[in-house]
Structure formats: structure tokens, C-alpha cells
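Supplied in C-alpha cells, the structure appears directly below.
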Amino acid sequence: MRQQLEDFLHYLTVEKGHSENTLVAYRNDLGQFVEHLEARVPPPANWGEVSKDVIVVFLNRLRERGYASSTIARKIAAIKSFFHFLLSEGLIGENPTMSLDSPKVKKRLPRTLAGEDVERLLAVPTRDTGPKAQRDTALLELLYATGMRVTELVMLAVDDVNLVAGIVRVRHGKGNKERIIPIHERAVAALKEYIERGRPSLARPEVDTRVLFLNHRGQHLTRQGMWLIIKEYAQAAGIQVAVTPHMLRHSFATHMLESQKATLADVQHFLGHANISTTQIYTQVTGEHKRRVYDEAHPRAKELTTESV
């Protein structure tokens, strides 16, 4: 069970781009929960045996020991996030935290890149030639063209891409659901170059795989590998913030809505969100952007100075 905890922390690093302090908090909170489970008689054999009642007992013990409500709320959030991860990975059949009460906390808005920063990032691998540059150009273009999760991208097969129709088939969630996402011509061109020239150079005859994106050993590219690639190019592009694969997903959604040509339902489909309420957070991001643009552009939106009072 501790291995799944390590996998979750790795996921938070690679896909979510959480800071070291956040990871330490998750490790401490979930580590304490695991110790509670291991002390039970008998202890659960796997995460599927952990029920809501077991979690409630743990939380009640924290209250009895005088933990602050804010600390308990943080631990509930960590447990909920962890079980959501287990469900998405197919490691449990149902989520015992679905009806678990927790204090309402304001959601942190997704971090996005400005359009010009995305362009700078995508331009970096095109400065070079060879299989690695071709692969990296294709994967960055595809990631931003579709907004797919990095897990979905690294699991793509060659046959999932239809260059003639300009579409990609993405599998996601429990039951391996599928969604079809269109891709623009620049992404199609980058993928064509990689599939026809770059991928054959990376492939190894002893490695039998139809996975689209390969590493230098001819094996499928991992989430960690993707994170390192993006980190490298973000630094080369001179982008000051820590860029993660998930930030490109957030940027895709925000930029699509900012264009006012894609509806919330369109973006929900592209992202593979089961519930449109999950997608609605991006309307807050675009709303904040519009407010900033207005305040900076409108001559009467400037702050009053001492002289003007």
C-alpha cells in the first residue's frame, strides 16, 4: 500500500507540479493515515478494503487528540485527492471519500502560461534537428493542441493518430473511455515529421511497442521523462515560472475560452471532464485575465493618485 502512496507523490510532482513543501505536507498527512491503517487489527490488505467508516475513525481520533480544524481539513483534502488518484488509476473500484464531509475551501486557480510564453516554449526544440528534436516538437505541439493529460499522451499508440483526418483518439478514465480531439495543421506536420523520420530512428528491433512517443532506448516515454523534457525547454526559453505538463493543459483550456469561439461544453469534451463544473474553473481564470486587461487598458481604471484627488 505504501507503493501506491509513492506513486501518488510522484504523480503530484510530474503532472501537478506541486512544490517541495506541498509534497512534504502530503507525505506527512498520508503517511500518518497509512500508520493508522497498519495499526488496525487486522490491517487492510489493499486500498480497496479501506471504507469510509475506517477514514471517519481516523479523523475522529485526530479531533480527540486536539488537532486544529484547519489541520484536519488539510488531511481530508489529501486523503480525498489520494483516493481520487487510486480510482483514476483503476486501483480501487469505488471512492470511499465521495460523500466524506470536508470544510469548503477556496479552489486555487489553475496556473497558466501566456500565449507568447507558449510560443517561445514550442519554438525551442525546432532550433535543433534529429530524432529527439523531432519527437519533442511533436509532443509539445500535441500537448498544447489537445490539452490532454500527460498520462494520456505517453500512452498514445501510433494508430491513435490519424494524420489524414487531423484527429487523435485519447483513452481516459475508468473503463478506458475514448474521446476524439481534432489537431491543427502545425501539430499534424510535427507529428508527420516525427512518425516518418524521428520515431524509426528511436525504435529498437528488440523492443516491440506501438507506443507513439519513445525514449532513447526505444521504450515508451514516461511521465517523469515528459516532465524533464518540458522543464528543460522552459528553462531554454527563459520562462521564469516552473512549467509542468499540466500547465500546458490549463493553458489550452484557458486560451480556448479566451478566444470566445469555443464553448464551455467544447472544452469539457476536449479535456475529458466527466462534469462540466470541473471545467468551469477556467472561466474564473479568463475572467481574471479580462479584469487585468481592462484595468491596464482603460484610462479611467487607473488608481487615483494624490494629485488627482
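Apply 1/(1 + (r/R0)^6) to the Cβ-Cβ distance of residue 71 and residue 158, taking R0 = 35 Å, and write down the FRET efficiency to the nearest 0.05. Walk me through the numbers on the way to the answer.
Numbers: r = 49 Å, r/R0 = 1.39.
The formula returns an efficiency of 0.10 here.
Another one. Measure off 7 Å from each Cα along the Cα-to-Cβ vector at residue 180 and residue 128, then give the distance between these two points in nanometres to one decimal.
Placing both labels 7 Å along Cα→Cβ, they lie 3.6 nm apart.
Let me ask you something else. So which of 132/177; 80/231; 231/261; 16/231; 16/80 end up more than 25 Å apart, counting from Cα to Cα?
Table pairs above 25 Å Cα-Cα are 132/177; 80/231; 231/261.
Now for a separate question. Counting other Cβ atoms within 10 Å, which GluC sites (Glu not before Pro) in region 141-232 have at most 11 and lie in a DSSP loop?
Listed in order of number, the matching sites are 206.
On the first, second and third principal axes, largest extent first, how far apart are the outermost C-alpha atoms of region 58-162 in Å?
62, 33, 19
Also: (i) 58, 57, 35; (ii) 76, 61, 34; (iii) 65, 40, 36: which one is Cα extents along the principal axes in Å as calculated from this entry?
So the calculated entry is the one marked (ii).
Right, something else. Which of the trypsin sites (Lys or Arg not before Pro) found in region 103-203 are in a DSSP loop and have at most 13 neighbouring Cβ atoms, other than their own, within 10 Å?
Numbers: sites: 104, 106, 107, 108, 111, 120, 127, 132, 135, 149, 169, 171, 174, 177, 179, 186, 192, 197; in loops: 104, 106, 107, 108, 111, 149, 174.
Within region 103-203, the qualifying trypsin sites (Lys or Arg not before Pro) (loop, at most 13 other Cβ atoms within 10 Å) are 104, 106, 107, 108, 174.
To continue, here is another question. Quickly work out the residue 2-to-residue 206 label distance, labels modelled 7 Å from Cα along the C-beta direction, and quote it in nm with one decimal.
Taking the two extended label points, one gets 3.4 nm.
What's the exposure ranking of 13, 126, going from fewest to most Cβ atoms within 10 Å?
Least to most surrounded, the residues fall as 126, 13.
Since every read-out is calculated from the coordinates, none of them should be taken as a lab result. Owing to the predicted nature of the structure, the values given are computational and were not obtained by experimental measurement. All Cβ positions, glycine included, derive from the backbone under ideal geometry; neighbour counts span all protein chains shown.
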